[in-house]
1. Can LEU290 be described as among the hydrophobic types (A, V, I, L, M, F, W, C) and more than 27 Å from VAL54 (Cβ to Cβ)?
2. Scan the range 92-108 and tell me whether some residue there is surrounded by 14 or more Cβ atoms within 10 Å (Cβ to Cβ), modelled with pLDDT under 70, more than 30 Å from GLY62 (Cα to Cα) and not β-branched (Val, Ile, Thr).
3. Between ILE191, ILE202, ILE185, which is modelled with pLDDT of 70 or more and touching a Lys or Arg at 6+ places or on another chain (Cβ under 8 Å)?
4. When the range 294-307 is examined, which residues are found to be out of contact with any helix residue (DSSP H, G or I) (no Cβ under 6 Å at 6 or more places or on another chain), assigned to a helix (DSSP H, G or I) and among the aliphatic types (A, V, I, L, M)?
5. Of the conditions (1) surrounded by fewer than 16 Cβ atoms within 10 Å (Cβ to Cβ); (2) under 12 Å from LYS63 (Cβ atoms); (3) of a type in the set (Val, Ile, Thr), ILE207 fails just one. Which one is it?
6. Look at the range 1-35 and say how many of its residues are over 23 Å from THR171 (Cβ atoms) and either modelled with pLDDT of 65 or more or among the charged types (D, E, K, R) (or both).
7. Here's a check for you: in the range 258-278, which residue that is touching a Gly at 6+ places or on another chain (Cβ under 8 Å) and surrounded by 17 or more Cβ atoms within 10 Å (Cβ to Cβ) is farthest from PHE111 (Cα to Cα)?
8. Can you tell me how many residues in the range 282-301 are surrounded by fewer than 20 Cβ atoms within 10 Å (Cβ to Cβ), at negative phi and of a type outside the set (D, E, K, R)?
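The values are calculated or read from the model by the stated rules, or taken from the named source; none is laboratory data. The shown structure was predicted, so the numbers you read here are calculated from the model rather than taken from an experiment. FYI the Cβ positions are ideal-geometry reconstructions off the backbone, even for glycines, and counts take in every protein chain you see.
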Amino acid sequence: MVYIFLCLGLLILLAGGKFLVDGASSLALKIGLSQGLIGLTIVAFGTSSPELLVSIYAALEGKSDISIGNVIGSNIANISLVLGISAIVFPIKLNSSILKVEYLVLLISSFIFYFFSYNGLISRLDGVILLVILILINTYFFFKLRKINLSDLDDPEVLPLPIWKSLLLLTGGVLGLYFGADMFIENSVEIATIFGVSERIIGITVIAVGTSLPEMVTSIIAAINKKTDIALGNILGSNIMNILAIIGITAVISPIAVSDLFLNQDFLWMLGLTIVLFPILKSGNKVSRLEGIFLFGFYITYILIII
């Protein structure tokens, strides 16, 4: 039964994230926000909402290894597993702004994350700083979007719902995320206990991949449809959101303890992979199928080593 409840919790989490995205996007359109801005802010935050609820719930329950493992594991999975599979499906092309803006923000955010964790605790002040950086970045995107033709953007489809339906979806999404996170965390920990696996391993494998499913599905579908800029933007954007928003909000609510194992192993894997991504993106301004296979192999190697 524990496996059934684990899967059920994950499904509730994913459904909650979908409801939250649909409700928030529709409501934003009602109050006059552009779909392009919605895609970079509300929808991006919504697809990362499973990670957010899992990390907050785990931190409040004193399971900080799951909070940190969830974010680090998701970032590693997004770059190696999700981008790798997407590139294997169809080579990922990119424009120059990806390297100048999104990748640079991700690289700097990753090192700030490591720096804040180095003393073994991400404090409330650290969380506030991460959120301030997030606000500044979103402000930059807001003014950038005003200077371009929004009709050229591949924005998510947003249903023109009445305000009451949007609010209903928002409420249902929040409730789904809360109860889904509760069920997912409790049963993951129980499985870890049964097999003698640490919460750290569960956090950076099962939970990280599970909560990254929205990004995975979005990127693979985008690659299949040959909208490769969406696939790459989704991956980099999610990783930035995981660090600045997820860790930031979680730390403000409850400071996060960081164990030496994360500092000496998993952080180094995450940072190394983020650095290795630069020459991959720079070579021909694309991620080829061969490079996709390399990234996928990187993830398999990482999992085999930590287990």
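1. yes
2. yes
3. Every option except ILE185 fails the conditions.
4. Of everything in the range 294-307, those that are out of contact with any helix residue (DSSP H, G or I) (no Cβ under 6 Å at 6 or more places or on another chain), assigned to a helix (DSSP H, G or I) and among the aliphatic types (A, V, I, L, M) turn out to be ILE300, ILE303, LEU304, ILE305, ILE306.
5. Result: ILE207 passes all but (1).
6. Summing the residues that are over 23 Å from THR171 (Cβ atoms) and either modelled with pLDDT of 65 or more or among the charged types (D, E, K, R) (or both) in the range 1-35 gives 7.
7. If we take residues in the range 258-278 being touching a Gly at 6+ places or on another chain (Cβ under 8 Å) and surrounded by 17 or more Cβ atoms within 10 Å (Cβ to Cβ), then SER259 is farthest from PHE111 (Cα to Cα).
8. The qualifying residues number 10.
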